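The values are calculated or read from the model by the stated rules, or taken from the named source; none is laboratory data. Because the structure is predicted, anything quoted here is derived from the model rather than measured. For neighbour counting, all protein chains shown are included, and Cβ atoms are generated from backbone atoms with ideal geometry for every residue, glycine included. All accessible areas refer to the heavy atoms of the entire protein, side chains included, with ligands and DNA or RNA removed. Shrake-Rupley method; radii C 1.70, N 1.55, O 1.52, S 1.80 Å.
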Amino acid sequence: MLSAVQGFANRHRKGLVITAGLTGGIYMMGKYAKSKLIEFHEKSASERTAKENMKRRFEQNQQDCVFTVLSLLPTLGDQLLHELNVELITAKLQQTRSQRSTPAPTPDSSMILPPKPEQDENKQEQEGSAENKEEPKEESENVKEDQDAAVAVDGTEGHTKDDTIERKTKLELWNELKIMSFTRTVTALYSLTFLTLLTQVQLNLLGRFTYVSSVIALSNTTDASYRVDAPAVKGSLSSTAGQLDFQTEKKYLTFSYWLLHEGWRRWSEKVRDVVEDVVGGISLKKAFTSKDFSDLLGEIRSRLEYTEDMEGERVPVNMREYMLPDEASDEREVLRAGGVDEFDLVVDPVLRNLLDETRDFIDSADFTTVLSSTLATTFARFNLALQPTFNPFLLSPPQSGNNAVIAEIEDDEDIDRAVPLVTLLPLVARQVHLIINGVPNEYVESLAMVKELQAFSAIVYSSFSEQLTNP
């Protein structure tokens with residue numbers, strides 16, 4: 001029996017070898033394929049978990065940005081309302097009215113009554129009259145109209161020398177009220193946008209570093225999947241044992257102090273110069289439609305956001321100087337004012353890399369695009385808040401049936417009606433309180449929904465190729 005088996009094996013040795021080889025090969029290939037399939041599933045699950053983890057962290061980071069902006073706004077608002085005190089000028093105007101022998105009813109501090117158009121009909125008649133002879137010949141028509149507006153709002157018209165002096169004083173107050181109302185509101189709109197963008201860059205940079213550190217910790221190796229590069233390359237974020245220490249993070253966030261206490265003041269000075277050029281020569285009695293007022297704001301924005309280069313072409317203005325200090329002495333002063341200990345007023349390499357990368361993002365073309373989109377959103381929200389003034393129909397409750405058609409026809413003249421500038425001033429000034437202290441703050445919420453800002457934040461958060469690399 002045994003010899004028969006041996007004979008069979010000898011006769012079919014080649015076939016048995018081939019059969020055994022094929023069987024073994026198929027078995028090994030199946031085992032290899034199974035291991036690769038398991039590895040693929042594990043890798044897919046790991047990548048899916050990592051993406052979900054990153055998405056969750058990113059969304060949480062965006063919420064933190066909104067809460068941070070809301071927490072910093074009161075610091076900015078207190079200074080803005082104190083140094084650009086429109087309410088004080090309104091109180092002075094009311095005080096000049098209360099000192100007259102026959103005072104007219106005083107308006108509420110938050111509202112300024114528009115001038116009566118019928119009181120200025122005789123102001124442009126008979127250039128040879130006695131009153132016009134006493135006035136300087138070079139006085140512009142807009143100044144005359146502003147004087148008439150101030151008198152009309154006050155409700156009386158003086159004829160004595162003291163009344164003339166008082167009229168000039170009130171004219172100066174009205175002009176200052178006009179300039180400061182626009183300056184304060186425009187400064188608040190820009191400052192809110194600057195603060196939002198700076199906070200987005202800062203917190204997303206820190207959030208990115210935290211995410212990279214968590215990935216390294218989860219990898220639980222010093223030899224395998226991931227490593228943190230040394231901070232020799234500009235912009236890379238590394239620290240001892242791959243962690244950003246608390247003191248460095250605190251010092252980095254302290255640099256928002258520059259915008260909150262110094263940057264907004266420098267920007268406010270520029271805003272005032274532009275407002276004086278654009279709005280200063282406009283009469284208080286000039287009427288604006290919604291489109292006219294939007295065009296006026298567009299002119300102010302254009303002069304603030306663009307400048308001309310050597311070739312006469314319009315180029316965007318770099319806003320970095322208002323958001324971060326450039327000089328080393330200013331950096332030390334920011335750290336000192338921010339409460340950092342005197343012995344620790346040093347910008348170490350890790351903090352320097354953070355600041356340099358922040359400046360790189362602010363100087364980028366993407367940031368310019370995002371800034372333009374966010375400012376457009378902010379000013380659109382501001383225009384929307386004033387629309388009921390130009391179109392009272394927006395304040396009316398909805399009607400149904402034939403009454404709605406009749407009301408629409410009757411109120412057709414009120415749609416986009418012209419409103420005197422003197423009536424718009426208190427509305428413009430009052431918006432600052434909603435920008436700074438609004439609950440809920442519609443301006444902050446609108447900025448958080450800007451698609452370009454969300455995409456830019458994602459770029460900042462996910463650009464960790466220098467920190468997290470495969471060996």
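In table form, for the structure just shown:
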| read-out | value |
| --- | --- |
| Any chance ARG303 is among the basic types (Lys, Arg), surrounded by 12 or more Cβ atoms within 10 Å (Cβ to Cβ), free of Cβ contacts under 8 Å to residues at least 60 places away in the same chain and within 30 Å of LEU177 (Cβ to Cβ) | yes |
| Residue that is most open to solvent (accessible area, probe 1.4 Å) [pool: residues in the range 52-71 that are touching a helix residue (DSSP H, G or I) at 6+ places or on another chain (Cβ under 7 Å) and farther than 11 Å from GLY207 by Cα] | LEU70 |
| Single residue of the range 312-347 satisfying the filter (acidic (Asp, Glu) and at pLDDT 90 or above) that is farthest from VAL370 (Cα to Cα) | GLU333 |
| Hey, LEU296 under 27 Å from VAL444 (Cα atoms) and open to solvent by 50 Å² or more (accessible area, probe 1.4 Å) or not | no |
| Residue list for the range 20-71, restricted to those being of a type in the set (Val, Ile, Thr) and within 20 Å of VAL212 (Cβ to Cβ) | THR49 |
| Criterion (hydroxyl-bearing (Ser, Thr, Tyr) and at pLDDT 85 or above) met by exactly one of THR96, THR90 | THR90 |
| Total residues in the range 65-75, condition in contact (Cβ under 8 Å) with a residue 40 or more places away in the chain and either over 16 Å from VAL450 (Cα atoms) or in contact with a Gly (Cβ under 8 Å, 6 or more places away or on another chain) (or both) | 6 |
| Matching residues, the range 1-35, being open to solvent by less than 90 Å² (accessible area, probe 1.4 Å) and under 60 Å from the mean Cα position of the chain (by Cα) | GLY30, ALA33, SER35 |
| Residues satisfying the stated conditions in the range 309-324, i.e. over 13 Å from ASP363 (Cα atoms), touching a strand residue (DSSP E or B) at 6+ places or on another chain (Cβ under 8 Å) and open to solvent by 60 Å² or more (accessible area, probe 1.4 Å) | ARG314 |
| Out of GLU452, GLU445, sole residue that is in contact with a helix residue (DSSP H, G or I) (Cβ under 7 Å, 6 or more places away or on another chain) and assigned to a helix (DSSP H, G or I) | GLU452 |
| Extreme residue, farthest from VAL346 (Cα to Cα), among residues of the range 241-286 that are in a loop (DSSP other than H, G, I, E, B) and open to solvent by 70 Å² or more (accessible area, probe 1.4 Å) | LYS286 |
| Residues of the range 36-51 satisfying the condition of being open to solvent by 60 Å² or more (accessible area, probe 1.4 Å) and either more than 30 Å from ILE216 (Cβ to Cβ) or among the aliphatic types (A, V, I, L, M) (or both) | LEU37, ILE38 |
